[in-house]
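**Student:** Please read through the structure below; I'll follow up with questions.
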Amino acid sequence: MKRGAAFGAVALAAFSLTPGTAFAQATSDASEGPRTRIVGGTPAEQGEFPFMVRLSMGCGGALYAQDIVLTAAHCVDGSGPNTDIGVTGGVVDLDDPAAQKATSTEVLQAPGYDGTGKDWALIKLDKPIDQPTLKIADTDAYDNGEFDIAGWGADREGGSQQQKLLKAKVPFIDDATCKAAGGSYSGLVDAEEICAGVEAGGVDSCQGDSGGPMFRKDDAGEFVQVGIVSWGEGCARAGKPGVYTQVSHFAQDIKSAADQLGS
Ligand code: ARG
């Protein structure tokens, strides 16, 4: 099956780039398995990942600058002036009155994005969100090891969006192993996508986490962004990793795009 390019698709196909909608739909599945959250995660502490933002179309993002959010291309609808996207930052609980809110003024979607690879976009904000930013990896030195993921997306495949930020850790999976998962994974774009997940399943990003960062500590002990939540077959299935935009590959493109937006 070919990936759908645009956000706004209605059906949540098992394999999908569709972002989560604004929370709501209380899930009524009594048959769910062990209680898990992001999938398989735990609540993040207030201030633990201060660069995390929630986008109103149901995606995550990270503060590249205080007035520029790095997210997924499939979370936005092309490039140009855009005042439709609400951005919430500075809180783990989206209902916290201390939340900092901003609105998009312009979107820059990865040039040439067609639903395969290149899943990154920048959103310029009308005002800064006063929080620390997340630097991006500009070499592949950190494209290995164990990564952090966080988001307000579904806490299980088909589950509902979360009010409070969840986090989890996922190990790197090399391209050959990821491709061997078959199906859509055989179309992995090696240079542009990086896989991570737990082989046995149970821990993963999921619908609504898209656009959010995958990150780790660098040699200086600072967080560095290595990925952007992009897609997977279902969520947290055994042998079906999460696929993330390989940020290091696009670092120069992202930097010049941010310059274009002015920060
Ligand atoms: N495309 C999804 C979104 O828009 C993210 C899917 C991530 N899936 C995964 N199994 N890691 O929110």
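The values are calculated or read from the model by the stated rules, or taken from the named source; none is laboratory data. Just so we're clear, the structure is a prediction, and the values are computed from it rather than from any experiment. Glycine also receives a Cβ, built like all others from the backbone with ideal geometry; neighbour counts cover every protein chain displayed. Only protein heavy atoms, including side chains, enter the accessible area calculation; ligands, DNA and RNA are left aside. Shrake-Rupley method; radii C 1.70, N 1.55, O 1.52, S 1.80 Å.
**Student:** Order of 81-94, 177-190 by packing, highest average Cβ count within 10 Å first?
**Tutor:** Put in order of decreasing packing, that is 81-94, 177-190.
**Student:** In a shell of Cβ-Cβ distance under 11 Å around ALA258, excluding ALA258 itself, what net charge do Lys and Arg (+1) and Asp and Glu (-1) give?
**Tutor:** Overall, the nearby charge balance is -1.
**Student:** What figure, in Å² to the nearest 10, do you get for the accessible area of ARG54 with a 1.4 Å probe and non-protein molecules left out?
**Tutor:** Number for this one is 20 Å².
**Student:** For LYS101, which lysines qualify as cross-link partners when the Cα separation must be under 19 Å and same-chain residues fewer than eight apart are set aside?
**Tutor:** LYS124, LYS127, LYS164
**Student:** Kindly report the accessible area of region 185-263 per residue (heavy atoms of protein chains, probe 1.4 Å, no ligands, DNA or RNA), in Å².
**Tutor:** 32 Å²
**Student:** Please turn the phi angles of region 135-145 into ³J(HN,Hα) values with the Karplus equation 6.51 cos²θ - 1.76 cosθ + 1.60 (θ = phi - 60°), one per residue in order, whole Hz, x for glycine and proline.
**Tutor:** Whole-Hz 3J(HN,Hα) from phi for region 135-145: 6, 9, 5, 10, 9, 8, 4, 9, 7, 6, x.
**Student:** If you average the alpha carbon positions of region 41-72 and of region 120-157, how far apart do those two centres end up, in angstrom?
**Tutor:** 7 Å
**Student:** Excluding same-chain residues fewer than 8 positions from LYS179, which lysines have a Cα within less than 23 Å of its Cα?
**Tutor:** Here the lysines satisfying the reach criterion relative to LYS179 are LYS2, LYS118, LYS169, LYS240.
**Student:** So, counting K/R as plus one and D/E as minus one, what does the shell of residues with Cβ under 12 Å around SER56 add up to?
**Tutor:** +1
**Student:** With springs connecting C-alpha atoms under 10 Å apart, model the chain as a Gaussian network and identify which of SER205, SER56, SER230 has the largest mean-square fluctuation.
**Tutor:** It is SER56.
**Student:** Heavy atoms only, probe 1.4 Å: what % of the accessible area of region 113-248 goes to carbon and sulfur, would you let me know?
**Tutor:** Carbon with sulfur: 48 percent of the solvent-accessible area.
**Student:** While we're on this one: What is the set of long-range amide H partners of ILE173 at a cut-off below 5 Å, with H atoms built 1.01 Å from backbone N?
**Tutor:** Amide H to amide H, under 5 Å and 5 or more residues apart or across chains, ILE173 pairs with CYS195, ALA196, GLY197.
**Student:** Okay, next question. So for the chain, averaging the separation of alpha carbon pairs under 8 Å that are six or more residues apart and normalising by length, what relative contact order in percent results?
**Tutor:** 24 percent
**Student:** Now a separate question. Which percentage, to the nearest 5, of the DSSP beta bridges contained in the chain is antiparallel?
**Tutor:** 95 percent
**Student:** Still on this structure: Where Lys and Arg each count +1 and Asp and Glu each count -1, what net charge lies around ALA200 among other residues with Cβ under 12 Å from its Cβ?
**Tutor:** My count for the surroundings of ALA200 gives 0.
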